[in-house]
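K.L.:
Here it is, the structure, as structure tokens.
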Amino acid sequence: MTKQATKVLSKSKASGGRKKNTLRDKTARRKRGEKQLLLVAGIIAVVMVAAVIYFNVRSGQPVGDEEVLASLGNMHIDQNSPSPITYNSMPPTSGPHYGGIARWGIHTEPIRYEQLIHNLEDGGVVVYYQCEDGCPDLVEQLEEVVSPFERAGRNVILMPNDPTWTIGNSQPLHQDMEARIALTTWERIDKFDEFDADRIRSFIDRYEGIDHHSG
């Protein structure tokens, strides 16, 4: 073999070696990239699962001194008919109710519990107040807390609880809630006598907007 042919063959082998090395490098880089993507995807998945667990646990923890009650179901009953069962709290937090909801916002007149329970099922919070003298100062304080939620379109109702309220010759449609203030959402109630703006806001922020329709 001539010297010229030997040189050409050597160059060819060297070129082939470089191509193989380049191919191995590209393959190695691709594999490293795939591993990094899998690692990032795994981390994201773990974070998402942890976040879901955290928020589920957090939503199950009381925000204050509220009582957690067993569900009485979400059966619909005829409009204006009384509940066929005795509710397990006063005001009630679940159970038989009408098919429609009450208007969200501030009310100066009482509304039947059977209507309001549907609001709770739809992710609402109902803030009740009860006073024999009408408690205008308390009502003003409560309206100041609830008004921003109302303006923001949040699912919140403020209204009086009146154990003397009747329609026609009916039995009283509300019962004594044995407190001046009651906060209700689905299966939860917090009752107290002294106005506490932070307590009310925290309750609304925690539970408003959580849908409770079965299925």
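K.L.:
Sort 131-142, 93-104 for me by packing, meaning the mean count of neighbouring Cβ atoms within 10 Å per residue, highest on top. Don't skip to the answer; put the middle values down first.
P.N.:
Values: 131-142: 13.2, 93-104: 18.7.
Top of the packing list down: 93-104, 131-142.
K.L.:
Give the aspartates and glutamates reachable from LYS191 as a straight Cα distance under 15 Å; neighbours fewer than 8 places away on the same chain don't count.
P.N.:
ASP65, GLU66, GLU67, ASP176, GLU178
K.L.:
Let me ask another. Count the net charge of all other residues whose Cβ sits under 15 Å from the Cβ of PRO148, scoring Lys and Arg as +1 and Asp and Glu as -1.
P.N.:
Values: positive: ARG151, ARG154, ARG201; negative: GLU140, GLU143, GLU144, GLU150, ASP198, ASP205, GLU208.
That sum, taken over residues with Cβ under 15 Å, equals -4.
K.L.:
Once you order the gyration tensor axes a ≥ b ≥ c over the Cα atoms, which shape class does the stretch 99-215 get: rounded for a/c under 1.5, otherwise prolate or oblate by comparing a/b with b/c? List each step's numbers first, then the result.
P.N.:
On the way: a/c = 1.65, a/b = 1.10, b/c = 1.50.
Here the stretch 99-215 falls in the oblate category.
K.L.:
What shape does the stretch 61-108 have by the C-alpha gyration tensor, where a ≥ b ≥ c are the square roots of the eigenvalues, rounded means a/c under 1.5, and otherwise prolate means a/b greater than b/c and oblate the rest?
P.N.:
On the way: a/c = 2.26, a/b = 1.28, b/c = 1.76.
Because a/c hits 1.5 or more and a/b fails to exceed b/c, the stretch 61-108 counts as oblate.
Here, each number is a calculation from the coordinates, and none is a lab measurement. Computed from a prediction, not measured in an experiment: that's the story for all the values here. Cβ atoms come from the backbone with ideal geometry, glycine included; neighbour counts cover every protein chain shown.
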